[in-house]
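The values are calculated or read from the model by the stated rules, or taken from the named source; none is laboratory data. All figures in this text were calculated on a predicted structure; none of them were measured in a lab. Cβ placement follows ideal geometry from the backbone for every residue including glycine, while neighbour counts extend to all protein chains displayed.
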């Protein structure tokens, strides 16, 4: 009996159009949930429902679960993250909160870039060789580290600093450990570790411009 290849959907038999819809709907659900969680979680844990790292990780999980590679993975990541943006702001508007046009546009543009990157990174993590898996780790590790540093150092809100420190430590230390395990050569490991601060600085800079 033939086995499904890496591009096979789960469940098998789902075509590209179907899994695209699944990714978008899953993203909508994540976005709606994070809007609701904002008023439930304590302020110290607020970034779990109102920051880019959870959305990125959620989009990656969606792509990993759907099982697509290449450009399809990038498209799925984009649709998942666009769904998150739409679900978040639509739910927030329905709950009576003001929705700023600038932020909708900003996060939509961010979703187009970060969504595609997160989808490809997810596919590399699941199906890639050592070099690809190392590259797939760099994105989430760098985002966690960069966002953590911003919440710790850039926001100036004392109650968010513990979360920021935890996020920074998780992205930096967790990323280094994961890369050390995934890489097979010193070059692969050093290149991956060097990529974490690059992503982190880029995200931190974007957040500082936004703020």
*Examine segment 97-105 for a residue that is buried (at least 18 other Cβ atoms within 10 Å of the Cβ) and assigned to a helix (DSSP H, G or I), and state whether such a residue exists.*
no
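Would you mind finding the one in 141, 202, 145 that is closer than 25 Å to residue 69 by Cα and assigned to a helix (DSSP H, G or I)?
Unique residue meeting the criteria: 141.
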*Check 60, 1 and return the single one that is at pLDDT below 80 and either assigned to a helix (DSSP H, G or I) or out of contact with any helix residue (DSSP H, G or I) (no Cβ under 8 Å at 6 or more places or on another chain) (or both).*
1
*Residue in segment 172-194 that is nearest to residue 124 (Cα to Cα), counting only those that are touching a residue at least 40 places away in the same chain (Cβ under 8 Å) and part of a helix (DSSP H, G or I)*: 182
*When segment 38-53 is examined, which residues are found to be surrounded by 20 or more Cβ atoms within 10 Å (Cβ to Cβ) and either modelled with pLDDT of 90 or more or within 14 Å of residue 155 (Cα to Cα) (or both)?*
47, 51, 53
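Per-residue answers, yes or no, for (1) buried (at least 22 other Cβ atoms within 10 Å of the Cβ); (2) out of contact with any helix residue (DSSP H, G or I) (no Cβ under 9 Å at 6 or more places or on another chain):
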position	(1), (2)
131	no, no
139	yes, no
155	no, no
165	no, no
175	yes, no
180	no, no
186	no, yes
189	no, no
208	no, no
